[in-house]
Amino acid sequence: MAKGTGFLSTLQSALASAFGVQSEKNRARDFSHGRPAHFVIAGILGTLFFILILVLVVKLVLSQSG
């Protein structure tokens, strides 16, 4: 396996691309050596984490308001 194609590297690439700061070099590496399953899992985990944060923030705001 080529260096930088593990799951943690994929997760880092997915987060960077979500914020729009993915480098061209990393994007090319991801498309040539990345595993699609890793990107799907990273996307699902990122979505679940985002939803969890939203739920926690809403609960915090509602508990403080009344």
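Candidates T5, V21, G46 compared by Cα position along the dipole of the chain: farthest toward the positive end lies T5, with charges placed on Cβ.
Label-to-label distance, V58 versus A37, with points set 7 angstrom from Cα along the beta-carbon direction: 3.3 nm. Compute a Gaussian network model of the chain, connecting alpha carbons closer than 10 Å, and tell me which residue from L48, L11, L56 fluctuates the most. So, out of L48, L11, L56, the one fluctuating most is L56. Helices of the chain meeting both criteria, an alpha-carbon length of 20 angstrom or more along the long axis and an average Kyte-Doolittle score not below -0.5, with helices taken as full DSSP H segments, are 36-65.
None of the figures in this text is laboratory data; all of them are computed from the coordinates on show. Here the structure is a predicted model, which is why all the values come from computation and not from measurement. Note that each Cβ is placed from the backbone with ideal geometry, even for glycine, and that neighbours are counted across all protein chains shown.
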